[in-house]
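Chemist: Below is the structure I would like to discuss, written out as structure tokens.
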Amino acid sequence: MDSAKLTLINSLFAPALPQDAERAAFSQTTPAEFQELQAYVEQDLAARLAKTLEDSTQGERDIVFAKGKMDFLADCAVKRLNFVNNLAKCGADETALKSRIDQLVERYSSQLAMVEDIHPYAGAVRAKNMIVSLVDASIAKKDLRDLETVLGFCDGSITLFEAVRRAEYALDFRYSREEFTQLVNCFRDLEKAGAIRIVPKYVTTPEQFREALVKLGVKPKMKLLMHSSYTSLGKIAGGREAVLKMLQELLTPEGVLMLPTFNFYNFNEDGVYDPKTTPCVIGAFPNAFRIMPDVHRSLSPTHSFAAWGKDAEKYVKNHHLVETMGDGSPMDLLAKDDGWILLVDCPTTVTYMHFVEFKQHAPCIHPAGEAYPVRFPDGTVKPVKTWSWRNGHCIPAELRETWKLMRKNNWLKEGDFANAHLMLFQFNTFEKCHAEVLQRHGNCDTCPHRPRLVENTLPELKELFAKYNK
């Protein structure tokens, strides 16, 4: 077989579909030529897999990317061989072809120390529910600039998330989180311009979500803290309010539903935190929940919690008088009442880990190192202390080791619904496992990170914190 055909075979399905020229080039392929072509494709794939393995580092996200790229390369190789085999009627066994490719990939992918990629973010979660197809290529190419490769994979059968990943594998680079979010917004603009069509992958109902939660283990009268990703549930009928009402009905008024309603360091225009009016910045569910009837929100200026259900007010009423993440805080009180934690597609978001850190005397955070103005129910404004965040990244806070321990002890209930991975567990079992992980890391004694220094750091701590932040 001539070298031109061997070169041409590698251009198929990455991402463009075969055109008339490619069909003409391979339409007369003989069985003998196909065997030569197969050997070439397998040899080329082996070289690409070896290069992917070589380029991958031991950083967990790079390993996940490498495995995904290997799968993508294998998929392209199978499609190329099947295209020629079917076009020229070469008579090769497609099952055997795929088996050989799978064995080749396994030889290289097995050398990757695979770990779970548990870093979802807003742009990626939205993209997982967007199935995109091209409507007007002229508009798309004009507006999409250098993103034609992504669009090339958008054939109406896969999600935008999958299309972006395939483009990354084909081009051998990764979008940053910010770039991924910008890309999703760009596709929304293209939809408005009529260049593409977007339909949701999942259209769900609160009743279907309820069934998934009951199967997971959520029960009436349960005391539940929920961390959540609204967009991971797909396009859900009735929106966020309908889901929250379903949760209240499931738990019943004898249970408790608690959500974090953090504003972090975003306040009203007057620079004051007001539990009645200050929005939270951590998602759709908390923002809707904080203003629902019979929901009580705490007076912590940066990391408030809101609660509904039996004795809901007791969990939040004294939050401003105690350590933000310490004894007597909403989470601590719920934990002592045999509470549970539900994660809806946010496996790195367990605020209770910070309670465990304080109990283990982690030196990177301070229980009450900053203060911000709070508007109290009587209208007065007073400064309220809150914790000081660390000035660097914490590896145990990624929770990979903690989840391994939870699974090993059978203390973690898991399930799936739409794009969401669901996790349910008790406060006390999480505390045991995360404390053990911190102890493995020497209770953070060797970690260089310490509390951050900001304008609102308490005056008596600024000199000390300044030493930490040189």
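Chemist: List the helices (runs of 4 or more DSSP H) inside the stretch 265-382, counting only whole elements, that have at least 1 residues being modelled with pLDDT under 95 and in contact with a helix residue (DSSP H, G or I) (Cβ under 9 Å, 6 or more places away or on another chain).
Modeler: Because the criterion is at least 1 residues that are modelled with pLDDT under 95 and in contact with a helix residue (DSSP H, G or I) (Cβ under 9 Å, 6 or more places away or on another chain), the helices (runs of 4 or more DSSP H) in the stretch 265-382 that meet it are 284-289, 352-359.
Chemist: Look through the stretch 3-30, keep the residues that are in a helix (DSSP H, G or I) and in contact with a Lys or Arg (Cβ under 9 Å, 6 or more places away or on another chain), and return whichever of them is modelled with the lowest pLDDT.
Modeler: Only one residue fits best here, namely Ile9.
Chemist: Could you say which residue among Lys413, Lys462, Lys432 is over 23 Å from the mean Cα position of the chain (by Cα), within 26 Å of Pro347 (Cβ to Cβ) and not hydrophobic (A, V, I, L, M, F, W, C)?
Modeler: The conditions single out Lys432.
Chemist: Moving on to the next point. Please work out which residue is surrounded by the most Cβ atoms within 10 Å (Cβ to Cβ), limiting yourself to the stretch 252-277 and to residues that are among the polar types (S, T, N, Q) and under 26 Å from the mean Cα position of the chain (by Cα).
Modeler: This residue is Thr261.
Chemist: Test each condition in (1) at pLDDT 90 or above; (2) under 24 Å from the mean Cα position of the chain (by Cα) for Arg126 and report the one that comes out false.
Modeler: For Arg126, the failing item is (1).
Chemist: Further question on the same structure: Taking the stretch 133-144 on its own, how many of its residues are in contact with a Lys or Arg (Cβ under 9 Å, 6 or more places away or on another chain) and either modelled with pLDDT under 90 or farther than 25 Å from Ala74 by Cα (or both)?
Modeler: Total meeting the criteria: 2.
Let's see how each residue does on (1) assigned by TED's automatic domain parsing to the domain that holds Leu342; (2) part of a helix (DSSP H, G or I):
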{"residue": "Gln182", "(1), (2)": "no, yes"}
{"residue": "Phe187", "(1), (2)": "no, yes"}
{"residue": "Val214", "(1), (2)": "yes, yes"}
{"residue": "Val218", "(1), (2)": "yes, no"}
{"residue": "Leu225", "(1), (2)": "yes, no"}
{"residue": "Leu244", "(1), (2)": "yes, yes"}
{"residue": "Leu247", "(1), (2)": "yes, yes"}
{"residue": "Pro253", "(1), (2)": "yes, no"}
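Chemist: Cβ-Cβ below 6 Å, separation at least six or inter-chain, first residue in the stretch 287-298 and assigned by TED's automatic domain parsing to the domain that holds Thr277, second hydroxyl-bearing (Ser, Thr, Tyr) and assigned to a loop (DSSP other than H, G, I, E, B): which pairs?
Modeler: From the stretch 287-298, the pairs are Arg290/Thr261; Arg297/Thr261; Arg297/Ser304; Ser298/Ser304.
Chemist: Got a sec? Which of Thr429, Thr446 is of a type in the set (Val, Ile, Thr) and either within 29 Å of His296 (Cα to Cα) or in contact (Cβ under 8 Å) with a residue 24 or more places away in the chain (or both)?
Modeler: On inspection, the qualifying residue turns out to be Thr429.
Chemist: Would you mention how many residues in the stretch 48-58 are part of a helix (DSSP H, G or I) and farther than 17 Å from Ala14 by Cα?
Modeler: Residues flagged as part of a helix (DSSP H, G or I) and farther than 17 Å from Ala14 by Cα within the stretch 48-58 amount to 5.
Chemist: Can I ask one more? Out of all the residues in the stretch 167-180, which are of a type in the set (A, V, I, L, M, F, W, C) and either touching a Phe, Trp or Tyr at 6+ places or on another chain (Cβ under 9 Å) or assigned by TED's automatic domain parsing to the domain that holds Ala77 (or both)?
Modeler: Listed by number, the residues that qualify are Ala167, Ala170, Phe180.
Chemist: I'm told Arg210 meets every condition in (1) free of Cβ contacts under 8 Å to residues at least 60 places away in the same chain; (2) buried (at least 20 other Cβ atoms within 10 Å of the Cβ); (3) farther than 24 Å from Met130 by Cβ except one. Can you identify the failing condition by its number?
Modeler: Checking Arg210 against (1) free of Cβ contacts under 8 Å to residues at least 60 places away in the same chain; (2) buried (at least 20 other Cβ atoms within 10 Å of the Cβ); (3) farther than 24 Å from Met130 by Cβ, the one that fails is (2).
Conditions (1) on the phi > 0 side of the Ramachandran plot; (2) surrounded by fewer than 21 Cβ atoms within 10 Å (Cβ to Cβ); (3) not polar (S, T, N, Q); (4) not assigned by TED's automatic domain parsing to the domain that holds Trp411, marked per residue:
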| residue | (1), (2), (3), (4) |
| --- | --- |
| Phe305 | no, no, yes, no |
| Gly309 | yes, no, yes, no |
| His319 | no, no, yes, no |
| Thr351 | no, yes, no, no |
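Okay, residues lined up against (1) at pLDDT 85 or above; (2) more than 22 Å from the chain's Cα centre (by Cα); (3) not assigned by TED's automatic domain parsing to the domain that holds Thr30:
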| residue | (1), (2), (3) |
| --- | --- |
| Arg80 | yes, yes, no |
| Val84 | yes, yes, no |
| Lys89 | yes, yes, no |
| Ser99 | yes, yes, no |
| Asp117 | no, no, yes |
| Ile131 | yes, no, yes |
| Asp146 | no, yes, yes |
| Asp155 | yes, yes, yes |
| Arg165 | yes, no, yes |
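Chemist: In the stretch 156-190, what residues are closer than 18 Å to Val135 by Cα, crowded, with 17+ Cβ neighbours inside 10 Å and of a type outside the set (A, V, I, L, M, F, W, C)?
Modeler: Thr159
Chemist: Going by the structure shown, is Val437 farther than 19 Å from Phe358 by Cβ, in contact (Cβ under 8 Å) with a residue 24 or more places away in the chain and in the same structural domain as Lys336 (by TED's automatic domain parsing)?
Modeler: No.
Chemist: From the residues in the stretch 13-46 that are within 32 Å of the chain's Cα centre (by Cα) and under 24 Å from Asp102 (Cβ atoms), which one is surrounded by the fewest Cβ atoms within 10 Å (Cβ to Cβ)?
Modeler: Once the filter is applied, the top-ranked residue is Leu17.
The values are calculated or read from the model by the stated rules, or taken from the named source; none is laboratory data. Bear in mind the structure is a predicted one, so any value in this text is a computation, not a measurement. All Cβ positions, glycine included, derive from the backbone under ideal geometry; neighbour counts span all protein chains shown.
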